Structures are given as C-alpha cells and as structure tokens.
C-alpha cells in the first residue's frame, strides 16, 4: 500500500490506531484500479472470452450460503473453470459499507430497509417466505393455535439489529402478539438447532437448501395471512470491474423466474 501511494505521490488511506480506510483519493482510484486488474486477469486467463475468469471478492449472508445462492455459485463454478470466488460471511448492513468502499465486488444481502447511496444498486434475486418453526418434541407446553404458540412459548429471536431481524419484528407486529423472548441469535443455523432440540420456537426465512423435515424433529406452522417475505438480492456499485460476473448471477435467477432454484439436486458427487 505504501509503495502504491509513493508511486502515485499521494496518500490513499486514512490510518487510525487500529483501522485503515480509503480516503477520497483512494475511493476515486478504485474504478481505474479495478479496470487494470480486470485487463490483467483477462490477459493471463486465456482467450476464452465467453467464460468468466479471475478472482471475485464477495460478501454473503451465512443464510444465503445455506439457500439458493449456493446453487447459483456452484453452477457458475462448474461452467467457468478459471473463476475464483472469495466469500466473506457477515451481515447485510456491514456489507453495504464495504461494497460502497470497493472492499467487496458485490454482496448477497436482504433488501435494504432504507435508501442506499446513489453509487449502489440492489437487484432482487429470489424471495424466501418468513415461517414459524416449532419443535415436534418441545420441552414446554405447546398450544395448538399459532398465535397462542407465539404468545406462550419461549421465542428464539433473530438479532433485531439486523435487516432480517426487522422482518421478524414486522411479522410479529402483523400478528399483533407479544412474544416471550428466550434468546437472541444472529444465525439461522443456530436457531434451527435450538428449535430442533425443543427449547423454543422461532420465525425465520425458509431457506432453499435446509432439510426442514429431516429427522422429524421440526415442523413449519402456517401463520395467518401476514404476507412478509425476505427478499434476497445482489448489492453492487453502479459501475465496477466484475459486472460480467454479477450479470451472470442475476441471469441465473432470472432464468428461474424469481424462484429459489434447486441446482443442488443435480450436483455430481
């Protein structure tokens, strides 16, 4: 980094005690640097202009890696041997900042609850219904009525500071119920494990690649007409060097008609 700044004869970063972030000059240089990197990788990647190559750095929700995005990524990797994708797991709100700063090429996030910077674009890929999950062998008395379940049973809540957590709050508001919060987690996978063991109930997005009926220890309960879904999409800058890759991701889901496709069933083992 220092060598690059010396060569350009200007600082590109603000350096604090434990942090380093791009300054205005650094952010201005990102598109030009991306273009140089893209041209270099095209040069060393061969002459196959129809395939994707080089390294893409992406952020993705852990739940997206358990959902339909994993299938899309698998499909692209099978068709593009020279493509390398580096994935970082995290939360939607953190990824938005990192994409805007050019630290990530793109990210798979839920629909932003507020307006984005004018330099960012979010494209919906697929929709996941928000569902109520309950254990088949609970360690507590479980009512038969879904609304009574929510009022009386221990509730395992998705982190309310996250964008998915706001959707859970929306579901509860529409159901007009007050839950008994037992635990708050920021992982769908962890919530599923706790509910399967019978320690509570929860509201989560219905992920594509989760065996909801496996083991017979979990069931999905229909809620009244709440109409809340989690919309998962691709966040990117309006112009960047990996637009062929992000375009291929968007085309994959467009071909599926906005559904969460299941390529995993045809994977070779």
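Computed from the coordinates by the stated procedures, all read-outs in this text should not be read as laboratory data. Since the model is a prediction, treat every value here as computed from it, not as a measurement. Heads up, the Cβs are rebuilt from the backbone with ideal geometry, glycines too, and the neighbour counts pull from every protein chain shown.
A few remarks follow.
- When the square roots of the Cα gyration tensor eigenvalues are ordered a ≥ b ≥ c, the ratio a/c for segment 129-230 is under 1.5, which makes its shape rounded.
- Between 0 and 90°, nearest 10: helix 163-175 axis offset from the chain longest Cα axis: 30 degrees
- Cα long-axis angle, helix 68-79 against the chain (0 to 90 degrees, to the nearest 10): 40 degrees
- Structure-based [θ]222 nm, the chain - -39500 (n - 2.57) summed over DSSP H runs of at least 4, per residue, nearest 500: -10500 deg cm²/dmol
- Helix 243-255 and the longest principal axis of the Cα set of the chain meet at an angle near 30°.
- Taking packing as the residue-averaged number of other Cβ atoms within 10 angstrom, the listed peptides 52-65, 205-218, 241-254 run from highest to lowest as 52-65, 241-254, 205-218.
- Looking at the chain, the pairs of alpha carbons with a distance over 27 Å make up 47% of the total.
- Share, in percent, of DSSP beta bridges within the chain that are antiparallel, nearest 5: 60 percent
- With the highest mean first, a sort of the peptides 135-142, 192-199 on other beta-carbon atoms found within 10 angstrom per residue produces 192-199, 135-142.
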